[in-house]
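Worksheet for the structure shown next.
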Amino acid sequence: MQRHVQSLLSFAAILFVAACSESVETRTAPPPAEVDVSKPIEAVVTQWDEYTGRFGAVEAVEIRARVSGYLEKTNFKDGQTVNKGDTLFVIDQRPFKIALQSAESRLDLAKKERDRGIDLRRQNSISQEEVDRRNNEYELASAAYENAKLEMEFTEVKSPINGVVSRDFVNVGNLVTGGAAGATLLTTVVSQDPIHFYFDAGEKDLLKYIRLSQSDKRESSRTHSNPVQVRLQDETEFRHFGVMDFVDNQVDQSTGTIQGRAILDNPGGHILPGIFGRIRLLSQENVEVMLVPDTIIGTDQSRKFVYTVDAENKIGLKFVEIGELHTPQLRIIKSGLDANDTILVNGVMRARPGAVVSPKVVDLANEYTF
């Protein structure tokens, strides 16, 4: 009996010790999470503003008939490159040749009558009134001849610019109408190189540029060819370079925007008028900014924030005002963050305000190109 009691007491002691050991293990806190921290990047950068726009030809011409007649010949292939002065179409010239010959004959006769009248007047054989009449007839015949010669020239429809021609809108054998009103559209020609890029900027941006110009921080694009960079829809980098060459004279009241225009080289004519693109316009040079990785910026409803780590290694957060992306990875911070703040750059998904962490200092400036 005594041995049985001793065994029970020993077993109870073992259970007590095991329970205590388990309780101690349960109460042991996990080690602080290891995170990467850094100071924000301080840099002097060139800032750009981005807009969406569309390319447009520097010169675009509608080729229309200037005289009426049957279309006799087309001298180009659809979509080919043409030069200024190239004959694109020929309108049946026969009626115009006859009219020109008739006008030339009338002019010769009028000239002879005028010259004879001058001689007779010297002999006092005719009155001065008759001389004036013959001189007037000569002037009218001369004007008719010049008009007939001009219409003869208009039967050859020429390109007024260098560029690329569209297709022939009217086939050979069709009657075309000339004149100032209702003239038949035959084709179009657009220039290739250089090429324009049109875009619209908001009133807020316009006011910003005005203020920068007034403070001598940036020259106005009205008076200075500010640089631009353009990329096409299938490009990830801004590979095409040009300058501003026009800003409109008023804001569109219906949209609250103003139109700007840049001009770019287009060697080979690979960029066609009408193509959409994205443009970067110089905003300001030598600007001191603060940069952080865009991936560490969190969102709380409409507010943006960045996690920080204080001197006691506790996580906090600061609400910030963000600017544009300076690079695909780095975002400009306008306000809310101090250069001496230590920010959390790795482990953001596990971060909880007030939690203690084990920070490892990294240098963001060495990890990103900016």
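The values are calculated or read from the model by the stated rules, or taken from the named source; none is laboratory data. Source: prediction; values computed, not measured. Here the Cβ positions follow ideal geometry from the backbone for every residue, glycine too, while neighbour counts run over all protein chains shown.
Some points to look at:
- Criterion: more than 22 Å from residue 325 (Cα to Cα) and either without any contact (Cβ under 8 Å) to a residue 60 or more places away in the chain or not hydrophobic (A, V, I, L, M, F, W, C) (or both) - qualifying residue of 216, 200: 216
- Residue check, residue 216 outside the structural domain of residue 118 (by TED's automatic domain parsing) and more than 30 Å from residue 56 (Cβ to Cβ): yes
- Residue match in region 109-124 (condition: out of contact with any Pro (no Cβ under 6 Å at 6 or more places or on another chain) and closer than 20 Å to residue 151 by Cβ): yes
- Scanning region 106-149 for residues that are under 30 Å from residue 71 (Cβ atoms) and out of contact with any helix residue (DSSP H, G or I) (no Cβ under 9 Å at 6 or more places or on another chain) turns up just one, 143.
- Residue in region 118-136 that is crowded, with 16+ Cβ neighbours inside 10 Å, in contact with a Phe, Trp or Tyr (Cβ under 9 Å, 6 or more places away or on another chain), assigned to a helix (DSSP H, G or I) and at pLDDT below 95 present: no
- If you filter region 173-187 down to residues that are of a type in the set (A, V, I, L, M) and over 20 Å from residue 147 (Cβ atoms), you find that the one that is surrounded by the most Cβ atoms within 10 Å (Cβ to Cβ) is 186.
- Filter result (more than 26 Å from residue 289 (Cα to Cα) and among the charged types (D, E, K, R)) within region 335-356: 350, 352
- In region 260-283, of all residues being out of contact with any Gly (no Cβ under 9 Å at 6 or more places or on another chain) and surrounded by 16 or more Cβ atoms within 10 Å (Cβ to Cβ), the one that is nearest to residue 215 (Cα to Cα) corresponds to 283.
- If you go through region 349-370 and keep only what is aliphatic (A, V, I, L, M), surrounded by fewer than 18 Cβ atoms within 10 Å (Cβ to Cβ) and more than 10 Å from residue 38 (Cβ to Cβ), you end up with 349, 355, 356.
- Filtering region 62-86 to residues that are polar (S, T, N, Q) and assigned to a loop (DSSP other than H, G, I, E, B) leaves 68, 75, 80, 83.
- Consider region 270-321 and keep the residues that are on the phi > 0 side of the Ramachandran plot and either acidic (Asp, Glu) or modelled with pLDDT under 90 (or both). The one that is farthest from the chain's Cα centre (by Cα) is 313.
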